[in-house]
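Take a look at the structure below.
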Amino acid sequence: MDAPALRAAAPPDWHRLEAEEVAGRLETGIEAGLAEGEAGRRLALHGANELTEGKRRSPWLMLAAQFTDFMIVVLLAAAVVAGLVGEPEDSIAIVVIVVLNAVIGFVQEYRAEQTMAALRQLGAPHARVVRDGQVAEIAAGDLVPGDVVIVEAGNVVPADLRLAKVARLKVQEAALTGESVPVDKGVAPLGEEATALGDRANMAYKGTIVTYGRARGIVVATGMATELGRIATLLQSGIEGQTPLQRRLAQFGRLLALVALAICAVVFAAGILRGEPLVLMFLTAVSLAVAAIPEALPAVVTVALAMGAGKMAQRNALVRRLPAVESLGSVTTICSDKTGTLTQNRMRVARMWTAAGPAWTEGPVPEGEPWPQLLRAMALCNDAVEDASGVLQGDPTETALHAAAGEAAFDKEELAAAMPRVMELPFDSDRKRMTTVHRDGAGYLALTKGAPESLVPRCTRVATARGETAIDWTAALAEAERMAAEGLRVLAVASRRWDGLPSGEAIDEVEEGLVFLGLVGLIDPPREEAAAAVAECVSAGIRPVMITGDHPVTARAIAQALGILGEGEAVIDGVELASLSPEELRGRAGAAAVYARVNPEQKIRIVEALQARGEVVAMTGDGVNDAPALRRADVGVAMGRSGTDVAREASHLVLLDDNFATIVTAVREGRRIYDNIRKFIRYAMTGNLGEILTIFVAPFLGLPLPLLPIHILWVNLVTDGLPGLALAMEPGEPGLMRRPPRPPRENVFARGLWQRIAWAGLAMGAVCIAVQAWAHATGNAHGQTMVFTVLALSQLGLALAIRSERDSLFTQGLGSNPWLAGAVALTLGLQLAVIYVPWLNPIFHTQPLTAAELVLCLGLSCVVFAGVEIEKALIRAGWLFRER
């Protein structure tokens with residue numbers, strides 16, 4: 001059957017067919033999968049394996065939306081009025097500025113949308129597929145009908161599959177059927193009675209979750225042709241909700257809008273009473289309202305958050321939910337996995353021990369029993385495989401066991417050919433064991449590996465050089481303790497012979513009566529950068545906590561080496577944790593720096609105990625059972641390499657490199673972004689206050705109108721826009737990670753921000769009014785142009801001064817933020833063009849200033865800059881706004 005026929009034929013009831021017949025109809029092989037070329041042809045035919053999203057706005061609609069804001073509509077109406085009453089220059093100028101403002105707004109929104117789209121693409125799920133007989137990982141969107149997919153515990157099923165091979169597979173199908181209990185799966189074809197989705201035990205559907213075991217299945221439907229595709233409209237994600245900061249700023253903006261409109265009404269009425277032209281006062285009031293109301297503030301915050309999220313992605317921290325960027329700045333505790341996050345996740349066997357004599361540490365492995373049995377078990381009870389290039393793929397522990405056995409001449413592939421696997425009991429966090437069963441001659445050999453405290457008590461005998469004897473549990477467990485004390489991860493290995501294939505229905509029976517073969521100690525050294533990251537956490541007021549399934553002694557050794565476990569801090573193991581009440585755990589959590597031998601279900605108890613103490617918790621996780629804790633944490637952090645799809649879906653942040661130092665980098669970036677948002681708010685609100693005061697106060701002092709509508713709009717567009725956005729690019733301040741975390745409910749105007757806005761805005765308005773008063777008293781005809789210039793340049797000076805809340809600009813230098821330096825230079829050039837380019841003078845109602853007047857304007861515009869620098873000097877001296 002060719003590809004067009006595949007598409008044209010009505011899909012059969014795949015669950016009623018044998019797996020081999022399904023493979024035949026889809027022209028694929030259960031073992032070899034599709035050829036790459038054929039997969040490419042089918043992808044072009046069937047399209048991407050994606051659910052159709054709700055339509056996103058086109059760029060044209062984004063641009064059109066910039067003209068639908070209420071204040072913009074009012075401004076356009078004002079332009080029409082100005083044109084009708086014989087002021088065409090004002091009308092044209094207003095329209096030009098509105099268009100420029102719309103273009104800037106469009107660029108901001110489009111860039112934010114593109115950034116978020118790129119982040120969504122980065123976070124796209126992947127699938128393990130068999131093509132040309134080789135296992136490869138591809139984007140789930142590239143799956144096609146006929147592909148052979150491998151799924152295991154923790155995976156989200158990437159497409160609709162007809163299962164061909166299963167190993168104790170259980171799938172959570174609540175997303176489709178509403179059934180909360182995971183469903184056991186098999187491969188046998190089903191009869192007429194299996195009509196409901198929940199009854200189709202040989203099928204796995206897109207979007208469901210593998211909770212146990214593993215399987216190989218044939219893709220029978222992709223994208224909108226899947227069962228999930230039929231209800232895609234119920235599952236499509238809507239528009240991203242606003243972050244808490246955006247909601248607070250939107251609420252503040254509405255309040256400010258009411259105040260600003262009231263002031264504009266007063267200005268309009270006062271102007272009319274003074275005898276100013278009605279149209280002029282109308283345009284002035286409208287322009288002032290447009291300038292004063294920060295309608296773009298939430299949008300600017302979105303841009304800042306999106307840009308920051310993009311930068312985090314470049315540093316291997318993928319933000320899945322924007323509120324996480326805010327929460328990162330408030331984190332007080334980071335609960336981290338050990339393996340792969342704090343350590344290198346490159347396990348190697350460092351020691352092996354059997355009852356036959358001294359432990360092995362390096363060099364040739366001792367000859368004679370039970371060493372061959374131990375090494376054979378290490379190779380066979382193992383899911384690691386070599387890829388086409390000879391690189392081991394799989395769990396780091398299993399790749400280390402595979403490599404050690406191979407170095408001792410126990411090749412897994414040769415052993416597996418002679419003793420094929422016929423059954424397996426996959427590892428799970430409750431049993432802490434894994435068992436595989438192999439055909440060995442006329443009988444069967446079961447091989448088990450797992451945590452010593454879980455496996456050793458299930459052994460009744462021990463293999464020695466003289467054969468099997470009664471086991472001494474105490475000696476084996478004491479050796480495991482000694483190895484763990486050296487920082488090794490210890491596994492116990494055992495076996496059992498069976499005459500017939502054991503029943504897989506009772507796991508306890510298969511894993512009882514075992515023969516103990518030995519212990520294997522593996523080492524996973526700490527990451528080189530982890531200790532420095534831990535130290536940076538501590539200096540930032542963040543407490544690092546290690547959570548691991550390893551032995552408490554191993555965990556203690558690694559934690560001490562990294563500086564996580566200090567004087568007076570405790571290690572709590574899973575058994576003790578289970579015995580503690582919520583109140584007791586809350587009391588102990590303040591002094592516990594390490595939780596060892598815990599299962600994923602206990603993580604949520606740790607999170608809740610810390611949160612009950614008022615902590616803001618970031619929690620890492622990688623497994624299916626970690627998902628509740630990741631959701632419960634203030635910032636859930638999933639592993640991008642070793643993590644499961646379920647964990648990533650539940651998280652706020654994904655570490656693309658599984659590195660603890662990346663969490664610290666993300667916290668630093670989150671603090672930087674929040675600081676820069678505060679700087680933008682300070683800049684915009686100070687400038688708005690200065691403009692309002694200039695317009696509002698002048699008439700009450702008997703002064704003529706200091707600014708025309710076109711001046712207000714120009715300042716709002718140019719000086720508020722370019723430098724303000726460039727502040728979002730400001731690098732983090734030197735002491736960023738040496739101050740305590742920000743309280744999560746802290747108002748954005750806390751720590752003296754509103755006072756700084758108030759005095760700087762008053763100073764800016766006072767200088768502008770003073771210029772107007774001087775010009776009026778001396779009869780200077782350039783007074784209005786001078787006020788316009790002083791206001792614009794004062795805001796540029798403010799942008800340069802507020803780059804840091806403590807450090808002087810002269811210490812920072814202009815080169816540390818070239819974006820801002822460029823924006824200030826460009827804005828200054830535009831302002832001078834408006835003053836000195838002849839054909840712009842009639843449009844902006846400006847007049848060329850003399851050299852003396854320009855120098856005076858430059859000097860007066862430095863007043864606010866100088867004031868902010870003096871303020872920072874007082875802060876450094878500890879006299880103002882002391883840090884908490």
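The values are calculated or read from the model by the stated rules, or taken from the named source; none is laboratory data. Given the structure is predicted, the values throughout are model-derived calculations rather than measurements. No Cβ is skipped: glycine too gets one built from the backbone with ideal geometry, and neighbour counts run over all protein chains shown. Heavy atoms of the whole protein, side chains included, go into the accessibility calculation; ligands, DNA and RNA do not. Shrake-Rupley method; radii C 1.70, N 1.55, O 1.52, S 1.80 Å.
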Enumerated helices (runs of 4 or more DSSP H) restricted to segment 579-698, each holding at least 3 residues that are surrounded by fewer than 21 Cβ atoms within 10 Å (Cβ to Cβ): 582-589, 600-612, 627-632
Criterion (under 44 Å from the mean Cα position of the chain (by Cα), aliphatic (A, V, I, L, M), over 30 Å from residue 663 (Cα atoms) and in a strand (DSSP E or B)) met by exactly one of 491, 447: 447
Residue ID - farthest from residue 795 (Cα to Cα), chosen from residues in segment 831-847 that are open to solvent by 60 Å² or more (accessible area, probe 1.4 Å) and in contact (Cβ under 8 Å) with a residue 40 or more places away in the chain: 842
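When the residues of segment 874-884 are filtered to those that are in a loop (DSSP other than H, G, I, E, B) and of a type outside the set (Gly, Ala, Ser), which remaining residue is modelled with the highest pLDDT? Explain how you work it out, then say what you get.
Applying the first criterion (in a loop (DSSP other than H, G, I, E, B)) to segment 874-884 yields 877-884.
Adding the requirement that they be of a type outside the set (Gly, Ala, Ser) leaves 879-884.
On the way: 879: 82, 880: 75, 881: 62, 882: 53, 883: 50, 884: 44.
Across segment 874-884, the extreme among qualifying residues is 879.
Each row is one residue, and each column tells you yes or no for (1) under 29 Å from residue 354 (Cα atoms); (2) in a strand (DSSP E or B).
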{"site": "500", "(1), (2)": "yes, no"}
{"site": "508", "(1), (2)": "yes, no"}
{"site": "516", "(1), (2)": "yes, yes"}
{"site": "520", "(1), (2)": "yes, yes"}
{"site": "528", "(1), (2)": "no, no"}
{"site": "537", "(1), (2)": "no, no"}
{"site": "549", "(1), (2)": "yes, no"}
Residues (open to solvent by less than 10 Å² (accessible area, probe 1.4 Å) and more than 20 Å from residue 819 (Cβ to Cβ)) located in segment 710-730: 710, 711, 712, 713, 715
Conditions (1) over 29 Å from residue 34 (Cα atoms); (2) at pLDDT 80 or above: number failed by residue 238: (2)
Every residue from segment 371-386 that is open to solvent by 50 Å² or more (accessible area, probe 1.4 Å) and at pLDDT below 95: 385, 386
Residue within segment 250-270 that is of a type in the set (Lys, Arg), at pLDDT 70 or above and farther than 30 Å from residue 154 by Cβ present: yes
Strands (runs of 3 or more DSSP E) wholly inside segment 323-425 containing at least 2 residues that are more than 30 Å from residue 560 (Cα to Cα): 421-425
Unmet criterion (only one of (1) modelled with pLDDT under 95; (2) touching a Pro at 6+ places or on another chain (Cβ under 7 Å)) for residue 836: (1)
Positions within segment 561-603 being touching a strand residue (DSSP E or B) at 6+ places or on another chain (Cβ under 9 Å) and without any contact (Cβ under 8 Å) to a residue 12 or more places away in the chain, in sequence order: 580
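Let's see how each residue does on (1) open to solvent by 30 Å² or more (accessible area, probe 1.4 Å); (2) over 30 Å from residue 615 (Cβ atoms):
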| site | (1), (2) |
| --- | --- |
| 502 | no, yes |
| 517 | no, yes |
| 526 | yes, no |
| 537 | no, no |
| 540 | no, no |
Filter result (outside any helix (DSSP H, G or I), closer than 16 Å to residue 842 by Cα and of a type outside the set (A, V, I, L, M, F, W, C)) within segment 772-790: 782
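Condition check ((1) modelled with pLDDT under 90; (2) closer than 22 Å to residue 432 by Cα; (3) among the β-branched types (Val, Ile, Thr); (4) in contact with a Phe, Trp or Tyr (Cβ under 6 Å, 6 or more places away or on another chain)) across all residues:
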| residue | (1), (2), (3), (4) |
| --- | --- |
| 559 | no, no, no, no |
| 564 | no, no, yes, no |
| 567 | yes, no, no, no |
| 572 | no, yes, yes, yes |
| 582 | no, no, no, no |
| 585 | no, no, no, no |
Among (1) modelled with pLDDT of 90 or more; (2) within 23 Å of residue 567 (Cα to Cα), the one test that residue 619 misses: (2)
Count - residues of segment 494-551 that are in contact with a helix residue (DSSP H, G or I) (Cβ under 9 Å, 6 or more places away or on another chain) and either among the polar types (S, T, N, Q) or over 30 Å from residue 607 (Cα atoms) (or both): 21
Listing of helices (runs of 4 or more DSSP H) fully contained in segment 807-873 that carry 2 or more residues being under 23 Å from residue 717 (Cα atoms) and of a type in the set (S, T, N, Q): 818-836
Residue among 461, 466, 489, 431 that alone is open to solvent by 20 Å² or more (accessible area, probe 1.4 Å) and modelled with pLDDT of 95 or more: 461
Segment 699-719 - residue that is assigned to a helix (DSSP H, G or I) and among the hydrophobic types (A, V, I, L, M, F, W, C) and, of those, farthest from residue 534 (Cα to Cα): 700
Residue in segment 736-745 that is modelled with pLDDT under 80, assigned to a loop (DSSP other than H, G, I, E, B) and under 26 Å from residue 672 (Cα atoms) present: yes
